[in-house]
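In what follows, a single structure is set out as structure tokens and then discussed.
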Amino acid sequence: MFSLNSPKCFYSWFFVPKFKPTVLICAIFFLLRIHHWAKNAFLFIPAFFAGVLADVNMMILLTEGFLCFSFVASAVYIINDYRDIEKDRLHPAKKNRPLASNKVSKSTAIVLIFVCLAIGLVWGFLLNQNFAIALLMYLTINLLYSMGLKNVAILDTVMVASGFLLRTLAGGWLANVEISQWLVIMVFLLSFFLAMAKRRDDLVLFHEGQAPLRASSKNYTIEFLNTILSVLTAIIIVAYIMYTISDEVVRHIGSKYIYVTSLFVFAGLMRFLQITMVRKKAGRQQRSFLPIHLYR
């Protein structure tokens, strides 16, 4: 029977001395940021509000698109980790990342980058040309971000937010459904909100002496970010309510009670603000809406 601990394990080709194959496999999975793939669920948003998500063929198509974006996103994560190896080694949490901790070799990371890009981009072009263009735009923006624009205050968070907006637009193009201007505004604002919360977390860690300060965060203050988060929270809630009561959404969904879902948006935002400002753990925003720590 095949065993991950076997000397003939496929992953032994990537083996790094002193690390067991099972540890290496887990490190590779973390390097790919599979637990961050949930962010690509933004692709399903346009189809949901267009009322076509229940269609089996549509779900299969969007799931394929989800995987395409996930592979490209994984390549981007690896590129960022590769460029930030030395900086990550000085960070209290990031020092444990696979490349920074030497659990995965640089050569392995390069191979994974090309494999992920090849799978994601080729598969994307086979699905839909406009969708593939969105993938290329996402890749380009993130490469520019990694090459230095992440050090420019405000612009860094705008670029992060644009990545989520591109996911949403790509989902709409792939599903061939109209994307409401309210949806575009709402997704961008929510993404910008999450990015700003992350910058606040960076400042908190710096003030507590737990991490060096990133270049872009030097032009932020806790007070400024608290104000931005409060303003964005109010705007996001209003934008979502306006979106759910719009004639377009009511017509597509076939119900005028979709606005009831705004209660979940409100609760989610309050939960996030609690974790950001009270518990000071916004750095793990992908887990903040969960009642338990599923990734432990």
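None of the figures in this text is laboratory data; all of them are computed from the coordinates on show. This is a predicted model, so every value here is computed, not measured. Note that each Cβ is placed from the backbone with ideal geometry, even for glycine, and that neighbours are counted across all protein chains shown.
Once every Cα of segment 124-271 carries one equal point scatterer and solvent is ignored, give the base-10 log of I(q)/I(0) from the Debye formula at q = 0.10, 0.15, 0.17, 0.21 Å⁻¹, two decimals. Here the Debye-derived log intensity ratios amount to -0.44, -0.90, -1.05, -1.26. How far is the Cα center of segment 236-255 from the Cα center of segment 85-160, in Å? Each part reduced to its Cα centre gives a spacing of 34 Å.
Considering every pair of different Cα atoms, what Kirkwood radius, in Å, is found for segment 59-99? Don't skip to the answer; put the middle values down first.
Numbers: mean 1/r = 0.0862 Å⁻¹.
Every distinct Cα pair counted, the radius reaches 11.6 Å.
Report, in listed order, any pair from Lys39/Lys218; Lys103/Lys198; Lys39/Lys103; Lys106/Lys218; Lys39/Lys198; Lys87/Lys198 with a Cα-Cα distance greater than 19 Å. As for pairs spanning more than 19 Å Cα to Cα, those are Lys39/Lys218; Lys103/Lys198; Lys39/Lys103; Lys106/Lys218. Using the alpha-carbon positions of segment 142-191, Rg (one decimal) and Dmax (whole number) come out as 12.4, 36 Å. Peptide packing for 128-136, 143-151, 183-191 was compared via the average number of neighbouring C-beta atoms within 10 Å per residue; ordered from the highest value, the list is 183-191, 128-136, 143-151.
Ordering Tyr82, Tyr240 by the number of other Cβ atoms within 10 Å of each residue's own Cβ, fewest first, gives Tyr82, Tyr240.
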